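These notes are about the structure you will find just below.
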Amino acid sequence: RGMPWFEGDVEPEQVPEKYRLGRAYIPKTRYLDPEFLKLEQDKLFPKTWQIACRSEELPDVGSFVEYAVGDYSILVVRESKTSIRAYHNSCRHRGTRLARGRGRVGSLICPFHGWRWNLDGSIRLVLDREEFVPRSDDDLGLATVLAEQWGGFVFINMD
Ligand code: FES
């Protein structure tokens, strides 16, 4: 009770008894219980700021790091010397994963049909556009995730 991480929209009474914090330790079950993991995947990870990487892991324009948590995959990309952006790692055409791990790119290229995105998330090229259902370029930008830097860390937030 009164723990700072329970302040806000969740009252201590709303936390199931078995997940309440003890006086001096966090119960081990929190790390082992599939039910608790599901609660985190449904209610915590998509809603909170998380450390995705250190900014020095993105040294050059076009450097990227894939941050994976639960079923989510986020691409953290250095757009410019001062700007780092984050996107759902998912093609706007059919959801193909755009990149894995880490690396450096000039643009983000879907491995399936070759659509490409600029580092700012805007669509750069729809290969064989006439083959696909018409959609405006404004509708084809990558799905953005919030990204902020603090103290050399890069944080993302999917909410
Ligand atoms: S699935 Fe990515 S371009 Fe078609």
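The values are calculated or read from the model by the stated rules, or taken from the named source; none is laboratory data. No experiment lies behind these values; they were computed from the predicted model shown. A quick note on method: Cβ atoms are made from the backbone with ideal geometry, for glycine too, and the neighbour counts reach across all protein chains shown. These area figures cover heavy atoms from the full protein model, side chains too; ligands, DNA and RNA do not enter into them. Shrake-Rupley method; radii C 1.70, N 1.55, O 1.52, S 1.80 Å.
The rule of thumb for compact globular proteins, 2.2 N^0.38 Å, goes into the C-alpha radius of gyration of the chain 1.27 times. Per the Debye formula on identical point scatterers at the alpha carbon atoms of region 47-93, with no solvent, log10 I(q)/I(0) at q = 0.20 Å⁻¹ is -0.66. Summing Cβ point charges (Lys, Arg +1; Asp, Glu -1) relative to the Cα centre of region 50-157 gives a dipole of roughly 220 debye.
Label-to-label distance, residue 31 versus residue 82, with points set 7 angstrom from Cα along the beta-carbon direction: 4.1 nm.
Listed by chain and number, the lysines whose C-alpha is less than 30 Å from the C-alpha of residue 81, apart from same-chain residues fewer than 8 away, are 47.
Solvent-accessible surface of the chain, taken per residue with a 1.4 Å probe and all protein chains present: 64 Å².
Computed over the chain, the per-residue total of -39500 (n - 2.57) for DSSP H runs of n ≥ 4 gives a 222 nm mean residue ellipticity of -1000 deg cm²/dmol, rounded to 500. Here the 3J(HN,Hα) profile of region 142-149, calculated from phi with Karplus coefficients 6.51, -1.76 and 1.60 at θ = phi - 60°, is 5, 6, 7, 10, 4, 9, 9, 10 Hz, Gly and Pro shown as x. Excluding residue 134 itself, calculate the net charge of residues whose Cβ lies under 15 Å from the Cβ of residue 134, where each Lys or Arg counts +1 and each Asp or Glu counts -1. Computed value for this residue: -3. Label sites at residue 159 and residue 51, each approximated as a point 7 angstrom past Cα along Cα to Cβ, lie 2.0 nm apart. Which net charge results when you count Lys and Arg as +1 and Asp and Glu as -1 among the other residues whose beta-carbon is under 13 Å from that of residue 36? Cβ neighbours under 13 Å give a net charge of +1.
Summing +1 for each Lys or Arg and -1 for each Asp or Glu among the other residues whose beta-carbon sits under 10 angstrom from that of residue 62 gives 0. Gyration tensor analysis over the Cα atoms of region 29-119 returns equivalent ellipsoid semi-axes of 27, 17, 10 Å (largest first, whole Å). Taking 100, 20, 129 as the candidate residues, the one with maximal mean-square fluctuation in a Gaussian network model of the chain, Cα springs under 10 Å, is 20.
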